[in-house]
Each structure stands twice: as structure tokens, then as C-alpha cells.
1. Please give the per residue volume of the convex hull enclosing the alpha carbon atoms of the range A:6-265, rounded to a whole number of Å³.
2. For B:Lys184, give me every one of the aspartates and glutamates with a C-alpha distance below 20 angstrom, ignoring sequence neighbours fewer than eight places off in its own chain.
3. Cα-based Rg of the range B:33-183 per 2.2 N^0.38 Å, rounded to two decimals?
4. Return the long-range amide H neighbours of A:Asp302 (sequence gap of 5 or more, or a different chain), with a cut-off of under 5 Å between placed amide H atoms.
5. At 0.692 mPa s and 37 °C, plugging the Kirkwood radius over alpha-carbon pairs of the protein assembly as shown into Stokes-Einstein gives what diffusion coefficient in µm²/s?
6. Within 10 Å, count the other beta carbons around each residue, average over each peptide in A:238-244, B:243-249, and list them highest first.
7. How many partner chain Cβ atoms sit within 10 Å of a residue's Cβ in peptide B:190-202, on average, as a whole number?
8. List the distances, in nm and shortest first, from the label point of A:Gly88 to the matching label points in every other copy, placing each point 7 Å from Cα along the Cα-to-Cβ direction.
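We did not get these values from a lab; they are worked out from the coordinates using the rules stated. Quantities reported herein were computed from a predicted structural model and do not represent experimental measurements. Methodologically, a virtual Cβ is constructed for each residue, glycine included, from the backbone with ideal geometry; neighbour enumeration extends over all protein chains shown.
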There are 2 protein chains.
Amino acid sequence: MTKKIIINDVTLRDGMHAISHQYSVEQIAELTQLLDDSGVDIIEATHGDGLGGSSLQFGLSKESEDDIIRTTVENVKNAKVAVLLLPGVGTIDHLKNAHNLGAKVVRVATHCTEADVSEQHIKAGLSLGMDTVGFLMMSHRATPENLLEQAKKMESYGAETIYVVDSAGALSMDDVRQRVSLFKENLSTKIGFHAHNNLSLGVANSIVAIQEGADRVDASLAGMGAGAGNAALEQLVAVMNKMEISHNVDLFKVMDAAENVMKPMMVRPVQIDRLSLMLGYTGVYSSFLLFAERAGKEYGVDPREILMRIGKMNAVGGQEDWIIGIAQELAKENQMT
Amino acid sequence: MTKKIIINDVTLRDGMHAISHQYSVEQIAELTQLLDDSGVDIIEATHGDGLGGSSLQFGLSKESEDDIIRTTVENVKNAKVAVLLLPGVGTIDHLKNAHNLGAKVVRVATHCTEADVSEQHIKAGLSLGMDTVGFLMMSHRATPENLLEQAKKMESYGAETIYVVDSAGALSMDDVRQRVSLFKENLSTKIGFHAHNNLSLGVANSIVAIQEGADRVDASLAGMGAGAGNAALEQLVAVMNKMEISHNVDLFKVMDAAENVMKPMMVRPVQIDRLSLMLGYTGVYSSFLLFAERAGKEYGVDPREILMRIGKMNAVGGQEDWIIGIAQELAKENQMT
């Protein structure tokens, strides 16, 4: 494949979740230098929940937003620095500030059915002259056709690249293929894909996305990211090399950075365990877990059965009160069988 | 997909490598009961290198071959017990003994270009009335066409199922697709696929194999197996369920067995690290590693460069003497550039 795939590293942003937003500026500087030297095209650095994310609600970060962005900008020679912006969490003022600090890319992220809320933020990114990306989170929650409709909105606002974001690691390879190929046929923008590894398909899904026409993919050193982590950069690059997919990253350098620097920084191993596998399987938010466990105990049903039924109901955050009803329903069904 | 895929568990055989062949009969009994109760179709239990493998050369197992097989047989209610047989390591006498102990499946394994050596052993398995499988190891080392030639030999000896075995975890999804689809078009046998996870494609490659017509796939609890491990059974089953691929395994039971029983038994985490990734990337035997490191130090070249060049030369075990020449060559090339 002759087209060069752009690698957007998320070690410092999605990886923030895995370290409870506690990277120090020294760690940020070291990781940035290694990533930049390895040839990564874009390095995203923000609180895990984006600009303005440092709060009691989402978790306070160790360093200020300004220090996170400034440190990253000061330590790149070639890579562009990106910030994540969830409208509602972050504002256009946050974005202007990030731009002043040297961020060149903004990824405006919304739930996959709420692209409407991205209009002003996408336009703000464009008016600042930034590389402006639409980022459709929890993409498994929309049919390919509905996801395309939402992407069309982002395209109409001016987004230059639009991402299929598999926030829960819940997409199969066929699911990715359908979504990315539909984007490719119907959008004039560039296309991106962001994987999580809950079903152990992070690298495979990224490869499928590239084969279906994606221009950008996300990855992180040793998979450093929320839940089961993202596609591991060094694994993705190894597979891309084997498959002769063109890119700018030096495999040995990212292998060394992952093993010698990233892994020793981890406060817990980023891996697929029963919990993260279950989240990928059911595609639900982690906020439901505790409620499902309590209701499961109370009504004598496996909490995983509850999660599965919630997954089928396409619940989003905030609908935890459904759980009692579901648990009662399941208990009744179990008695009958 | 309405065809039921047969799951061949290798926790007790390939997993033997990851525990240095030290499973106790108590551990074997516990794992067997859990696997059998979860609905796994076939449980393979042998030394990691198959019948007769317990030796100073390949590593002594904690329990005798008879005790390993007997314990597994005594603890299954529904699953069939399989043994692995590498002609040269194990003999037809070993196979007869395993059959007497209650093994119902034999997998006769050869290097992917040496199917000839399997003839007598396949015929012995058939004459014992066993479910007899040909197992083509290191399948990345043969072109799809050459691999088919070898499979045709096993078919002519009577093998009822023939496996593409990705021993080094070195096959991409496209590589798997090509090999399994060629088998499907040209063989009248059933087809199997055995994954390793070095490139993090273990589950994805197994799914591709199924989509191309494979009838059986291997997996193990938490991926317990040599190197980066096999396809993790609980992850594979989760993805199969999501994709509506039919099989006999209970997801929650294998999730619990992996988390509560298998992981606490591990003496080291089965995961993708720099070393196992490099083996998958280059597709070489681990026996080359130490030599490459020594020669790399002596001649001032990255040992990974040496491994890559060896991989391209399709070296098999026993050709470690090539390494000095390669290191000298690389050192000379590096001086010129």
C-alpha cells in the first residue's frame, strides 16, 4: 500500500485514564521525546476526558492543562500536538488557549448520535487554522447507516477527518469494515479509526480500517489507555510492516519505548481481564457495573446477564435505574425455566 | 453461521510450555473439570512437545505422561481427550499407550514442509479408530501453495482434519485467509487453525480462519501457551458470540475459569512483550535469540536486524552458525551507509 497512514498517538491522552491522570511533566517530556523521535505523526496530550477534564467529576490531573500541553509542544521536533475536546466538558476558550500554547490538531468528540453539538467547536478549530477532526465515540451504538448520518453532519461543519471511535472495544472486524467502508464511499473527508482492545481486536480492527480506506489510526505505547487499552503502537507497527502498509514510525524505537519506559510507568497492567472483556462484549459504560453487581446479588441473577440485557437496550450513561427492573425480570425468567 | 465450530482446548498442552511442563495432577484435574463443564469439545493434554516430550532436551514434566493423560480422561464427562504427537519425539508405541489410557484424538504434528514423516503415525491413529488430525507447524514458512501440497500428503495418508498451525504467531490476517481458503477449495478434509498471539492477532486470525471455512480452532484459558500464548478461549468465545458463530462453549464459565483458576496458576504472565513480538515479527525460532544477541554485541549491530535477516532466509532450527556471517555482513553495510 503506497498511501502513508498517519499515526495519531494517544499514550498521553487516553493513557491518562490508565494512570488516573497522574503523568508528571517529566514523564510527559520523556514520552513525547521518544514518540517524536520514533516518527509518530501526531501526539495527543490532554486530560483523559479532554480539555477542561481535570475536575472532581472526571478526576483531577497531576499537572495543569497548560503544563501538559506546553510540555508536549516543547518536546516535539516533528510531530504535531493534538488536543481532545468534548463539547460540554471543554469550551472554545479552552481550545483557543490550547492553540496559543502550540496545539495544531483538535479532535472534537461527541457521543455517536450527538454530532450536532460539535458544530461550533469544529468551526472554532477551523477558524484557528487547526487540523480539525470529528470523533464519533461509542460507534458500536449506532448502525453503520446512522453513524454515517452523524458523520455527514460533522462533514457539513467542515471537519477534515472523521473518526469511527470504538470507545468500548465492542466492534468486531466486520463491524469496523461496514462502518469504515460506508464512510469511504460517502464522505469526502479523511477517515480515522480509534480502537480499544477489550475483545483483543485492537490491532486487527485498525488493520481492517486501513484496508477499508482509513487514513489515520490511533495507537499508544504498550496499549496504554482506558479499560483494556488501545491498539498497542509497537504491535500495530509490526503488523503494518509485515503487511507493507506505509507509515513513518520506526518499529524498534517504539518497541524499546514501550518496554523500557512505558511499562515501568504503568501503575496497573493494561490488559484484557474479565471486567474489560465484559464491557467490550456488552458494549455498556463502566458506570453500570456497580449497579449491576448490587442488583444481581439482591435478586440472585448473574450481573453479567443484566449487563448483556442493558447492552441490547442501547442504554447510555444515566439510565442506571433500569437495572432493578431488568434484574427482577431476569429473576422471574430464571424461575420459569 | 449455522455450522458448529469445534473448539480444541490446548490449556493443558501448549499451556504446558508456559508452566515449564509443571502442571500437577490436581491442577490438571481442576482445569479439565472446568473446561469439560464449559462445553469445550476437545481437551488436549500432553507434554508441550507432545508424547515422549518429557526429557532433558525438551524439559521434564512434573507428572508422568500416563498420569497427565489418565487424569484428563478421568475428569471429562463429555469432551474428547486429545494428544499431540511429533514423529521423532513420540512413537507409535506412545500413541497406542495414550489410546489405551482413553485418548480419542491424535494430532500428528510436523514442520510445515515435512509432512512425509507423518504417514505412519497418521495411519496408526486411524487404525486405532482415533479422530486423526494433521498439524502443519510454522505454517508461515511455506507459501500457501506449498502448504497445500504438504496438506495434500496428509490427506492422502488419511488425516481427517488438517491444521494450519501458526506456531510463531507470525501470520497476518491476509496470510491466514490465503492459506485456509486454499485448503477449503482443495481439500476434502476438515480444516483447523491454531493461533499464537505474538502479533496480537490470535483471536482475529481464528475468526478469519472460521470465516474462510475452518471447522476447528484451538484456544486456551487466558491464552495459556508458549511465547505470547494462544488465542484466549474466553476472548475468542466472546467474539464468536457477538458474530453469531455457533459453538458449544459457555462464555461465562470460561471467563470465570480463566480469571479465577488459570491466571492464579500462571508462574509468569502470558503476554506480548518485546521478545515475543519480535519472534512473531521475524517468524524465527527462539533458539536463535541468544546467538543473535551475542553476535550483535560482538559486531555492534542490533540483534533484531540479525533476526530479521534470518527470518527472510527461512532458517529453521540448527542453522545458528549463519548468524556470525549475517552480523558481519550487517556491520559492513552499516559502515557504508
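1. Details: hull volume 27.2 nm³, N = 260.
Here the figure is 105 Å³ per residue.
2. Once the sequence-local aspartates and glutamates are set aside, what remains near B:Lys184 is B:Asp131, B:Glu145, B:Glu149, B:Glu155, B:Glu160, B:Asp166, B:Asp174, B:Asp175, B:Glu212, B:Asp215, B:Asp218.
3. In units of the globular-protein estimate, the range B:33-183 measures up at 1.04.
4. Distant-sequence amide H within range of A:Asp302: zero hits.
5. On the way: Rh = 26.0 Å.
My calculation gives 126 µm²/s for D.
6. On the way: A:238-244: 18.6, B:243-249: 15.7.
Packing order, densest peptide first, comes out as A:238-244, B:243-249.
7. Working: counts 0, 0, 0, 0, 0, 0, 0, 2, 2, 8, 14, 8, 2.
That works out to 3 on average.
8. Once sorted, the set of distances for A:Gly88 reads 6.3 nm.
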